[in-house]
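Quick notes on the structure that follows.
Nothing in this text is a laboratory measurement; each read-out follows from the coordinates by a stated rule. Here the structure is a predicted model, which means the values were calculated and not measured. Virtual Cβ from ideal backbone geometry, glycine too; neighbours counted across all protein chains shown.
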Amino acid sequence: LFVPGPLAAGAAVAIEGGQAHYLAKVMRVAPGDAVVLCDDMTGEWAAAVVSAGKRDVVLELREQLRAREDVPDFWLCAALLKKPNFDLVLEKATELGVRRIQPMVTRRCVADKLNPERARTIVTEAAEQCARTALPELAPATRLDTLLRDWPQDRALFFADEQGGEPAAAAFAAHAGPAALLVGPEGGFDDGERAAIRAHPQARAITLGPRILRGETAGIAGCALWMATAGDWS
Ligand code: SAM
C-alpha cells in the first residue's frame, strides 16, 4: 500500500479510510499479520499489524525491504482519450515503469479534461499491483502548445507519427538521456500541431510500424519499446 511518508523503522502507522477498509474487510488482516508499505519517498517496508479496528488499522514498521526505485527518466505525453482508453494508458504506463505521465490536450481530443483524483487512484492501484516502490509523477492535463513552449532543454521529444519517422527501436536504443514520447488522440494531431511538433528543435519523429494504431496502443507500445531498448528491462 502507498501511504504518506516518510516511513522509518519502528514507527507506528495508522491507516484509515478506504485503505483501512481494504485491509480489515477485504484482506481481513489480524494482529501480527505482515503488510508491505511504500511511501514514494524512502521505498518499501515490511510492517506488522498491531490492531485492526472499524475506523483504522495500526501497523508497526519493521525493516526496509527495497529502496525507492530509480525508473528511467522517460515521460509519456499522451493526448487525452475517451475515459476507458485513457484509464488503460494510465494503468499500463505505470506498470511499464515510466517516470511521468503527462496528459495532453490537443485540438482533436474528444475528452478535454481529466479527473485528477480518479487518475491518481488508477495510477496508485497500478503501482501497488505491479509492486513499484515509487509512483509515476502524474502531471496536470496540459495543452500541447504550452508543453512545446516550456519543453525542458535536456529532454528528447520523440513524436509518434503515423505518417512516418525513424524506426522507434533504433532511435530509442541510440538515445541516452531524458526522453519523452508524444502520442496523439483518436483523431490524431492536426496539420498545425504536427508542424509545431516537427519544428521543435528537440523533436524526432518515430514510427511504430506500418499500421494506424489507436492512441492507447501507440502509447503503451511506445512505453514498452522504450523500456525494452533504453529502459530498465535489460
Ligand atoms: N491519424 C490517425 C488516423 O489516420 O486514423 C489517427 C491518430 S491514431 C488513432 C492516434 C495516435 O497514435 C497518433 O496521433 C500517433 O501519435 C499514434 N500512432 C498511431 N499509429 C502510429 C504509428 N504507426 N507510428 C507512430 N505513431 C502512431
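Looking at (1) on the phi < 0 side of the Ramachandran plot; (2) within 21 Å of the chain's Cα centre (by Cα); (3) part of a loop (DSSP other than H, G, I, E, B); (4) not hydroxyl-bearing (Ser, Thr, Tyr), which one does Asp40 not meet, given that it meets all the others?
(1)
Would you check if there is a residue in the stretch 21-41 being closer than 15 Å to Glu128 by Cβ and in contact with a Cys (Cβ under 8 Å, 6 or more places away or on another chain)?
no
Look through Gly164, Gly188 and report the one residue that is touching a strand residue (DSSP E or B) at 6+ places or on another chain (Cβ under 6 Å) and near the ligand (Cβ under 10 Å from one of its atoms).
Gly164
Among the residues of the stretch 1-18, count how many are touching a residue at least 24 places away in the same chain (Cβ under 8 Å) and either surrounded by 15 or more Cβ atoms within 10 Å (Cβ to Cβ) or closer than 20 Å to Arg120 by Cβ (or both).
Residues in the stretch 1-18 being touching a residue at least 24 places away in the same chain (Cβ under 8 Å) and either surrounded by 15 or more Cβ atoms within 10 Å (Cβ to Cβ) or closer than 20 Å to Arg120 by Cβ (or both): 10 in total.
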